[in-house]
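Below: one structure, written as C-alpha coordinates.
The values are calculated or read from the model by the stated rules, or taken from the named source; none is laboratory data. Everything numeric here is computed off the predicted structure, so don't read it as measured data. FYI the Cβ positions are ideal-geometry reconstructions off the backbone, even for glycines, and counts take in every protein chain you see. Just the protein is used for accessible areas: all its heavy atoms, side chains included, with ligands, DNA and RNA removed. Shrake-Rupley method; radii C 1.70, N 1.55, O 1.52, S 1.80 Å.
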Amino acid sequence: MPYRSSSIPLTLVVALAAAMMLGPFSLDTYLPAFPAIAQDLGVSSQAVAVSVSVYIFFLAIGQLIGGPLSDQLGRKPVLFAGLGLFALASALLVYLHTLPHFLAGRALQALGAGWVLVSVPAMVRDRVSGQEAAKLFSLLGLILVAAPAIAPSVGSLLLKVGPWMGIFVFMAAYALLLIPVLLMVLAGDAVGVPAAKAATTQPRPGLLRAYGAVFATRPALVYLLWQVGAFSVMMVFITHSSFIYQNHFGRSADTFALMFGANIVAMFSCNLFNRFLLTRGFSSIAILRGATALQGVGLLCLVICALMHGSIWVFLPAMMLTIGAHGALSPNLQACYMEHFPHNGGAAAALLGAFQFGGAGVMSALSGLLPHTLPVVMLAMLACGAMAQGCLWFSLHRRRGA
(Lines give C-alpha, C1' and ligand atoms only; values in the text may rest on other atoms or scores of the structure.)
Protein backbone atom coordinates (compact mmCIF):
# COMPACT_ATOMS: atom_id res chain seq x y z
CA MET A 1 0.00 0.00 0.00
CA PRO A 2 1.55 3.33 -1.02
CA TYR A 3 2.13 6.00 1.54
CA ARG A 4 -0.02 9.09 1.44
CA SER A 5 1.75 12.28 0.41
CA SER A 6 1.00 13.75 3.83
CA SER A 7 3.29 11.14 5.34
CA ILE A 8 6.29 12.48 3.43
CA PRO A 9 8.16 15.11 5.46
CA LEU A 10 8.88 18.39 3.72
CA THR A 11 12.56 17.98 4.64
CA LEU A 12 12.65 14.78 2.59
CA VAL A 13 11.00 16.48 -0.38
CA VAL A 14 13.49 19.37 -0.25
CA ALA A 15 16.45 16.98 0.11
CA LEU A 16 15.34 14.89 -2.87
CA ALA A 17 14.80 18.04 -4.94
CA ALA A 18 18.28 19.25 -3.97
CA ALA A 19 19.69 15.94 -5.21
CA MET A 20 17.84 16.28 -8.51
CA MET A 21 19.17 19.85 -8.85
CA LEU A 22 22.55 18.24 -9.51
CA GLY A 23 21.42 17.66 -13.10
CA PRO A 24 20.50 21.23 -14.10
CA PHE A 25 23.38 22.69 -12.08
CA SER A 26 25.90 20.57 -13.97
CA LEU A 27 24.25 21.46 -17.29
CA ASP A 28 23.59 25.18 -16.90
CA THR A 29 26.19 26.62 -14.50
CA TYR A 30 29.05 26.44 -17.00
CA LEU A 31 27.11 27.79 -20.02
CA PRO A 32 28.33 31.42 -19.57
CA ALA A 33 31.90 30.06 -19.41
CA PHE A 34 31.88 28.57 -22.93
CA PRO A 35 33.99 31.39 -24.43
CA ALA A 36 36.52 31.24 -21.56
CA ILE A 37 36.74 27.43 -21.67
CA ALA A 38 37.14 27.49 -25.46
CA GLN A 39 39.97 30.03 -25.22
CA ASP A 40 41.79 28.04 -22.52
CA LEU A 41 41.41 24.73 -24.39
CA GLY A 42 42.34 26.30 -27.72
CA VAL A 43 39.11 25.29 -29.47
CA SER A 44 35.91 26.98 -30.67
CA SER A 45 32.86 27.57 -28.49
CA GLN A 46 30.96 25.16 -30.74
CA ALA A 47 33.51 22.44 -29.87
CA VAL A 48 32.94 23.11 -26.16
CA ALA A 49 29.17 22.84 -26.79
CA VAL A 50 29.79 19.17 -27.70
CA SER A 51 30.36 18.60 -23.99
CA VAL A 52 26.62 19.18 -23.45
CA SER A 53 25.76 16.27 -25.76
CA VAL A 54 28.47 14.07 -24.21
CA TYR A 55 27.12 14.84 -20.75
CA ILE A 56 23.53 14.05 -21.71
CA PHE A 57 24.50 10.77 -23.42
CA PHE A 58 26.46 9.46 -20.43
CA LEU A 59 23.76 10.69 -18.07
CA ALA A 60 21.47 8.25 -19.87
CA ILE A 61 24.04 5.43 -19.55
CA GLY A 62 24.43 6.15 -15.84
CA GLN A 63 20.70 5.85 -15.30
CA LEU A 64 20.49 2.58 -17.23
CA ILE A 65 23.12 1.12 -14.91
CA GLY A 66 21.89 2.72 -11.70
CA GLY A 67 18.16 1.94 -12.03
CA PRO A 68 18.29 -1.86 -11.78
CA LEU A 69 21.07 -1.58 -9.18
CA SER A 70 18.76 0.50 -7.00
CA ASP A 71 16.06 -2.19 -7.32
CA GLN A 72 18.53 -4.82 -6.13
CA LEU A 73 20.79 -2.98 -3.67
CA GLY A 74 18.43 -0.25 -2.51
CA ARG A 75 18.07 3.42 -3.36
CA LYS A 76 20.51 4.81 -0.78
CA PRO A 77 23.72 2.98 -1.82
CA VAL A 78 23.24 3.97 -5.47
CA LEU A 79 22.35 7.55 -4.52
CA PHE A 80 25.44 8.08 -2.35
CA ALA A 81 27.79 6.30 -4.76
CA GLY A 82 26.56 8.61 -7.51
CA LEU A 83 27.19 11.70 -5.40
CA GLY A 84 30.73 10.54 -4.64
CA LEU A 85 31.50 9.83 -8.30
CA PHE A 86 30.08 13.19 -9.37
CA ALA A 87 32.19 15.05 -6.80
CA LEU A 88 35.35 13.20 -7.88
CA ALA A 89 34.76 13.92 -11.57
CA SER A 90 34.03 17.60 -10.84
CA ALA A 91 37.34 17.91 -8.99
CA LEU A 92 39.19 16.26 -11.88
CA LEU A 93 37.66 18.73 -14.36
CA VAL A 94 39.55 21.52 -12.62
CA TYR A 95 42.81 20.03 -13.91
CA LEU A 96 41.73 18.69 -17.35
CA HIS A 97 42.79 21.34 -19.87
CA THR A 98 42.58 19.55 -23.22
CA LEU A 99 39.30 19.01 -25.05
CA PRO A 100 39.41 15.15 -25.08
CA HIS A 101 40.23 15.07 -21.35
CA PHE A 102 37.54 17.68 -20.65
CA LEU A 103 34.95 15.59 -22.49
CA ALA A 104 36.07 12.46 -20.61
CA GLY A 105 35.68 14.28 -17.30
CA ARG A 106 32.18 15.40 -18.25
CA ALA A 107 31.30 11.82 -19.16
CA LEU A 108 32.44 10.55 -15.75
CA GLN A 109 30.58 13.38 -14.05
CA ALA A 110 27.41 12.43 -15.95
CA LEU A 111 27.64 8.77 -14.89
CA GLY A 112 27.57 9.83 -11.24
CA ALA A 113 24.73 12.28 -11.83
CA GLY A 114 22.77 9.53 -13.59
CA TRP A 115 22.92 7.33 -10.49
CA VAL A 116 21.61 10.22 -8.40
CA LEU A 117 18.82 11.27 -10.77
CA VAL A 118 17.46 7.75 -11.29
CA SER A 119 17.13 7.15 -7.54
CA VAL A 120 14.73 10.02 -6.86
CA PRO A 121 11.74 9.05 -9.09
CA ALA A 122 12.05 5.49 -7.82
CA MET A 123 11.93 6.77 -4.23
CA VAL A 124 8.79 8.74 -5.05
CA ARG A 125 7.14 5.70 -6.67
CA ASP A 126 8.03 3.62 -3.60
CA ARG A 127 5.92 6.04 -1.57
CA VAL A 128 2.96 7.26 -3.61
CA SER A 129 1.03 6.71 -6.85
CA GLY A 130 -1.68 8.29 -9.00
CA GLN A 131 -2.66 11.92 -8.38
CA GLU A 132 -0.58 11.98 -5.18
CA ALA A 133 2.49 11.06 -7.20
CA ALA A 134 1.69 13.81 -9.71
CA LYS A 135 1.40 16.35 -6.88
CA LEU A 136 4.70 15.21 -5.36
CA PHE A 137 6.49 15.27 -8.72
CA SER A 138 5.06 18.73 -9.24
CA LEU A 139 6.31 19.88 -5.82
CA LEU A 140 9.75 18.46 -6.59
CA GLY A 141 9.64 20.24 -9.92
CA LEU A 142 8.63 23.50 -8.26
CA ILE A 143 11.79 23.39 -6.14
CA LEU A 144 13.84 21.98 -8.99
CA VAL A 145 13.20 24.85 -11.42
CA ALA A 146 15.18 27.12 -9.11
CA ALA A 147 18.39 25.41 -10.27
CA PRO A 148 18.33 26.35 -13.98
CA ALA A 149 17.03 29.79 -12.98
CA ILE A 150 20.06 30.61 -10.85
CA ALA A 151 22.69 28.30 -12.37
CA PRO A 152 23.85 30.61 -15.21
CA SER A 153 23.92 33.53 -12.77
CA VAL A 154 26.03 31.46 -10.38
CA GLY A 155 28.37 30.61 -13.25
CA SER A 156 28.57 34.25 -14.31
CA LEU A 157 29.32 35.30 -10.72
CA LEU A 158 32.05 32.68 -10.33
CA LEU A 159 33.63 33.91 -13.58
CA LYS A 160 33.84 37.41 -12.10
CA VAL A 161 35.83 36.22 -9.06
CA GLY A 162 38.05 33.62 -10.68
CA PRO A 163 38.75 31.38 -13.70
CA TRP A 164 36.18 28.97 -15.15
CA MET A 165 37.61 26.08 -13.10
CA GLY A 166 35.89 27.56 -10.04
CA ILE A 167 32.56 26.46 -11.51
CA PHE A 168 33.59 22.81 -11.20
CA VAL A 169 34.94 23.40 -7.69
CA PHE A 170 31.45 24.66 -6.86
CA MET A 171 29.87 21.52 -8.37
CA ALA A 172 32.17 19.23 -6.36
CA ALA A 173 31.40 21.11 -3.15
CA TYR A 174 27.66 20.96 -3.80
CA ALA A 175 27.73 17.17 -4.28
CA LEU A 176 29.86 16.63 -1.18
CA LEU A 177 27.55 18.82 0.91
CA LEU A 178 24.53 16.78 -0.19
CA ILE A 179 25.98 13.58 1.29
CA PRO A 180 25.72 14.49 5.02
CA VAL A 181 22.40 16.30 4.40
CA LEU A 182 20.83 13.25 2.79
CA LEU A 183 22.35 10.93 5.39
CA MET A 184 20.55 12.88 8.12
CA VAL A 185 17.24 13.17 6.27
CA LEU A 186 17.15 9.55 5.12
CA ALA A 187 18.36 8.07 8.43
CA GLY A 188 15.92 5.33 9.39
CA ASP A 189 13.68 6.06 6.41
CA ALA A 190 12.03 3.11 4.71
CA VAL A 191 12.79 4.58 1.31
CA GLY A 192 16.08 3.26 0.11
CA VAL A 193 15.34 -0.35 0.92
CA PRO A 194 15.21 -2.55 -2.19
CA ALA A 195 12.00 -1.54 -3.93
CA ALA A 196 9.75 -4.43 -2.96
CA LYS A 197 9.74 -5.70 0.59
CA ALA A 198 9.57 -9.17 -0.85
CA ALA A 199 13.12 -8.69 -2.06
CA THR A 200 14.39 -10.46 1.04
CA THR A 201 12.56 -13.64 0.09
CA GLN A 202 12.34 -13.45 -3.70
CA PRO A 203 15.21 -12.86 -6.12
CA ARG A 204 15.05 -9.62 -8.04
CA PRO A 205 14.99 -9.91 -11.85
CA GLY A 206 18.23 -9.52 -13.75
CA LEU A 207 19.07 -6.46 -15.80
CA LEU A 208 17.64 -7.65 -19.13
CA ARG A 209 14.58 -9.20 -17.53
CA ALA A 210 13.84 -6.02 -15.58
CA TYR A 211 13.97 -3.90 -18.73
CA GLY A 212 12.02 -6.56 -20.63
CA ALA A 213 9.22 -6.25 -18.07
CA VAL A 214 9.14 -2.48 -18.60
CA PHE A 215 9.01 -2.77 -22.40
CA ALA A 216 6.25 -5.39 -22.06
CA THR A 217 4.04 -2.75 -20.41
CA ARG A 218 2.83 -1.33 -23.71
CA PRO A 219 0.49 1.43 -22.43
CA ALA A 220 3.54 3.09 -20.81
CA LEU A 221 5.74 3.12 -23.92
CA VAL A 222 4.14 6.19 -25.51
CA TYR A 223 5.36 8.24 -22.54
CA LEU A 224 8.97 7.30 -23.32
CA LEU A 225 8.74 8.84 -26.80
CA TRP A 226 6.70 11.74 -25.44
CA GLN A 227 9.49 12.52 -22.98
CA VAL A 228 12.15 12.35 -25.70
CA GLY A 229 10.32 14.81 -27.94
CA ALA A 230 9.35 17.30 -25.23
CA PHE A 231 12.71 17.26 -23.45
CA SER A 232 14.70 17.46 -26.70
CA VAL A 233 13.08 20.82 -27.38
CA MET A 234 14.60 22.17 -24.19
CA MET A 235 17.98 20.48 -24.68
CA VAL A 236 18.42 21.82 -28.21
CA PHE A 237 17.70 25.27 -26.79
CA ILE A 238 20.21 24.79 -23.94
CA THR A 239 22.88 23.57 -26.37
CA HIS A 240 22.48 26.65 -28.56
CA SER A 241 21.41 29.17 -25.90
CA SER A 242 24.84 30.82 -25.74
CA PHE A 243 24.87 31.22 -29.54
CA ILE A 244 21.27 32.51 -29.59
CA TYR A 245 21.61 35.21 -26.96
CA GLN A 246 25.32 36.05 -26.96
CA ASN A 247 26.21 35.61 -30.64
CA HIS A 248 23.03 36.12 -32.65
CA PHE A 249 21.42 38.78 -30.46
CA GLY A 250 24.76 40.18 -29.19
CA ARG A 251 23.97 40.15 -25.46
CA SER A 252 26.55 40.06 -22.64
CA ALA A 253 27.10 37.11 -20.29
CA ASP A 254 25.12 38.88 -17.55
CA THR A 255 22.19 39.62 -19.88
CA PHE A 256 22.36 36.06 -21.18
CA ALA A 257 21.95 34.78 -17.61
CA LEU A 258 18.89 37.00 -17.10
CA MET A 259 17.26 35.97 -20.37
CA PHE A 260 17.99 32.32 -19.71
CA GLY A 261 16.45 32.74 -16.25
CA ALA A 262 13.28 34.26 -17.78
CA ASN A 263 12.50 30.85 -19.26
CA ILE A 264 12.75 29.32 -15.81
CA VAL A 265 10.37 31.92 -14.39
CA ALA A 266 7.90 30.73 -17.03
CA MET A 267 8.50 27.10 -16.01
CA PHE A 268 7.95 28.02 -12.37
CA SER A 269 4.65 29.73 -13.23
CA CYS A 270 3.44 26.75 -15.28
CA ASN A 271 4.41 24.42 -12.44
CA LEU A 272 2.38 26.48 -9.95
CA PHE A 273 -0.61 26.46 -12.30
CA ASN A 274 -0.16 22.70 -12.70
CA ARG A 275 -0.39 22.21 -8.94
CA PHE A 276 -3.50 24.39 -8.87
CA LEU A 277 -5.15 22.25 -11.55
CA LEU A 278 -4.22 19.01 -9.78
CA THR A 279 -5.78 20.22 -6.53
CA ARG A 280 -8.95 21.07 -8.50
CA GLY A 281 -9.29 17.49 -9.70
CA PHE A 282 -7.85 17.75 -13.21
CA SER A 283 -6.18 14.51 -14.28
CA SER A 284 -2.47 14.27 -15.04
CA ILE A 285 -3.10 13.13 -18.60
CA ALA A 286 -5.42 16.09 -19.31
CA ILE A 287 -2.83 18.58 -18.05
CA LEU A 288 -0.09 16.79 -19.98
CA ARG A 289 -2.06 17.14 -23.22
CA GLY A 290 -2.69 20.83 -22.61
CA ALA A 291 0.96 21.56 -21.80
CA THR A 292 2.11 19.71 -24.92
CA ALA A 293 -0.26 21.75 -27.09
CA LEU A 294 1.07 24.93 -25.44
CA GLN A 295 4.64 23.92 -26.28
CA GLY A 296 3.61 23.39 -29.90
CA VAL A 297 2.13 26.90 -30.12
CA GLY A 298 5.34 28.38 -28.71
CA LEU A 299 7.48 26.50 -31.23
CA LEU A 300 5.44 27.78 -34.17
CA CYS A 301 5.82 31.34 -32.87
CA LEU A 302 9.61 30.89 -32.56
CA VAL A 303 9.98 29.62 -36.10
CA ILE A 304 7.91 32.49 -37.50
CA CYS A 305 9.92 35.02 -35.46
CA ALA A 306 13.26 33.57 -36.64
CA LEU A 307 12.23 33.47 -40.30
CA MET A 308 10.93 37.05 -40.18
CA HIS A 309 14.03 38.33 -38.29
CA GLY A 310 11.93 39.44 -35.31
CA SER A 311 13.48 41.36 -32.44
CA ILE A 312 14.63 39.73 -29.25
CA TRP A 313 11.63 41.22 -27.42
CA VAL A 314 9.32 39.18 -29.65
CA PHE A 315 11.58 36.12 -29.57
CA LEU A 316 11.97 36.02 -25.77
CA PRO A 317 8.23 35.68 -24.88
CA ALA A 318 7.83 32.92 -27.48
CA MET A 319 10.79 31.06 -25.98
CA MET A 320 9.38 31.55 -22.47
CA LEU A 321 6.09 29.98 -23.63
CA THR A 322 7.90 27.04 -25.26
CA ILE A 323 10.25 26.25 -22.38
CA GLY A 324 7.78 27.28 -19.67
CA ALA A 325 5.29 24.61 -20.78
CA HIS A 326 7.79 22.04 -19.53
CA GLY A 327 6.94 23.06 -15.95
CA ALA A 328 3.56 21.35 -16.32
CA LEU A 329 4.61 18.80 -18.91
CA SER A 330 7.43 17.05 -17.07
CA PRO A 331 5.81 16.16 -13.70
CA ASN A 332 2.67 14.81 -15.34
CA LEU A 333 4.69 12.78 -17.83
CA GLN A 334 6.59 11.18 -14.95
CA ALA A 335 3.41 10.51 -12.98
CA CYS A 336 1.52 8.99 -15.94
CA TYR A 337 4.47 6.77 -16.81
CA MET A 338 5.46 5.63 -13.31
CA GLU A 339 1.84 4.78 -12.49
CA HIS A 340 2.28 1.63 -14.61
CA PHE A 341 5.16 0.31 -12.44
CA PRO A 342 4.31 -0.49 -8.81
CA HIS A 343 7.29 -2.89 -8.99
CA ASN A 344 10.63 -2.47 -10.78
CA GLY A 345 10.38 1.27 -10.19
CA GLY A 346 14.13 1.67 -10.50
CA ALA A 347 14.32 -0.02 -13.90
CA ALA A 348 11.29 1.95 -15.11
CA ALA A 349 12.76 5.27 -13.94
CA ALA A 350 16.08 4.33 -15.54
CA LEU A 351 14.49 3.75 -18.93
CA LEU A 352 12.53 6.98 -18.73
CA GLY A 353 15.70 8.89 -17.85
CA ALA A 354 17.75 7.07 -20.49
CA PHE A 355 15.22 7.81 -23.21
CA GLN A 356 14.91 11.39 -21.99
CA PHE A 357 18.60 12.23 -21.83
CA GLY A 358 19.86 9.76 -24.44
CA GLY A 359 17.31 10.80 -27.03
CA ALA A 360 17.76 14.48 -26.24
CA GLY A 361 21.53 14.06 -26.38
CA VAL A 362 21.33 12.60 -29.87
CA MET A 363 18.96 15.35 -30.99
CA SER A 364 21.14 18.13 -29.58
CA ALA A 365 24.27 16.56 -31.10
CA LEU A 366 22.62 16.30 -34.52
CA SER A 367 21.47 19.91 -34.25
CA GLY A 368 25.11 20.90 -33.76
CA LEU A 369 25.91 19.52 -37.23
CA LEU A 370 23.38 21.85 -38.86
CA PRO A 371 24.21 25.37 -40.10
CA HIS A 372 24.64 27.69 -37.12
CA THR A 373 21.79 30.11 -37.82
CA LEU A 374 18.76 31.04 -35.73
CA PRO A 375 16.11 29.79 -38.22
CA VAL A 376 17.83 26.40 -38.50
CA VAL A 377 18.06 26.02 -34.69
CA MET A 378 14.38 26.92 -34.32
CA LEU A 379 13.41 24.43 -37.03
CA ALA A 380 15.43 21.76 -35.19
CA MET A 381 13.46 22.53 -32.02
CA LEU A 382 10.22 22.32 -34.01
CA ALA A 383 11.23 18.90 -35.38
CA CYS A 384 11.80 17.63 -31.82
CA GLY A 385 8.49 19.07 -30.69
CA ALA A 386 6.72 17.26 -33.54
CA MET A 387 7.48 13.97 -31.79
CA ALA A 388 5.69 15.13 -28.64
CA GLN A 389 2.78 16.42 -30.74
CA GLY A 390 2.56 12.99 -32.41
CA CYS A 391 2.32 11.33 -28.98
CA LEU A 392 -0.39 13.82 -28.03
CA TRP A 393 -2.36 12.88 -31.15
CA PHE A 394 -1.87 9.18 -30.40
CA SER A 395 -3.16 9.55 -26.83
CA LEU A 396 -6.24 11.43 -28.04
CA HIS A 397 -6.88 8.84 -30.74
CA ARG A 398 -6.50 5.99 -28.25
CA ARG A 399 -8.95 7.68 -25.87
CA ARG A 400 -11.58 7.96 -28.64
CA GLY A 401 -11.04 4.32 -29.58
CA ALA A 402 -11.31 3.10 -25.97
Using a 1.4 Å probe and ignoring any ligands, DNA or RNA, find the accessible area of Ile244 and quote it in Å² to the nearest 10. 0 Å²
For the stretch 232-381, what ratio Rg/Rh do Cα atoms give with a Kirkwood hydrodynamic radius? 1.01
Report the relative contact order of the chain, percent, no decimals, based on alpha-carbon pairs under 8 angstrom and at least 6 residues apart. 28 percent
Modelling each spin label as a point 7 Å along the Cα-to-Cβ direction, I'd like the Leu208/Leu396 distance in nm, to one decimal. 4.1 nm
Within the accessible area of the chain, what % is carbon and sulfur when the probe is 1.4 Å and the other protein chains stay in place? 72 percent
If you count only protein heavy atoms with a 1.4 Å probe, what accessible area per residue comes out for the chain, rounded to a whole Å²? 39 Å²
Taking the Cα-to-Cβ direction at His309 and at Phe282 and moving 7 Å from each Cα, how far apart do the two end points lie in nm? 4.0 nm
Enter the Cα centre distance for the pair the stretch 247-321 and the stretch 20-56, rounded to the nearest angstrom. 23 Å
May I ask for log10 I(q)/I(0) of the stretch 3-77 at q = 0.18 Å⁻¹, from a Debye sum over the Cα atoms as equal point scatterers with solvent left out? -0.89
Kyte-Doolittle cut-off 1.6, length cut-off 30 Å along the helix's own axis using Cα: show which whole DSSP H helices in the chain pass. 165-186, 284-307
How much accessible surface does Arg75 have with a 1.4 Å probe, in Å² rounded to 10? 0 Å²
For a quick check of understanding: with a 1.4 angstrom probe and all protein chains in place, what accessible area in square angstrom does Val14 have, to the nearest ten? 70 Å²
Give me the number: length gained by fully extending Gln39 to His372, i.e. 0.36 nm times residue separation minus the C-alpha to C-alpha distance, one decimal in nm. 117.9 nm
Of Gly212, Gly281, Gly345, the one that fluctuates the most in a GNM where the chain has Cα springs shorter than 10 Å: Gly281
Taking the chain on its own, what percent of its Cα-Cα pair distances exceed 35 Å? 22 percent
Coil-residue chymotrypsin sites (Phe, Trp or Tyr not before Pro) of the stretch 1-87, DSSP, other Cβ within 10 Å capped at 14: Tyr3
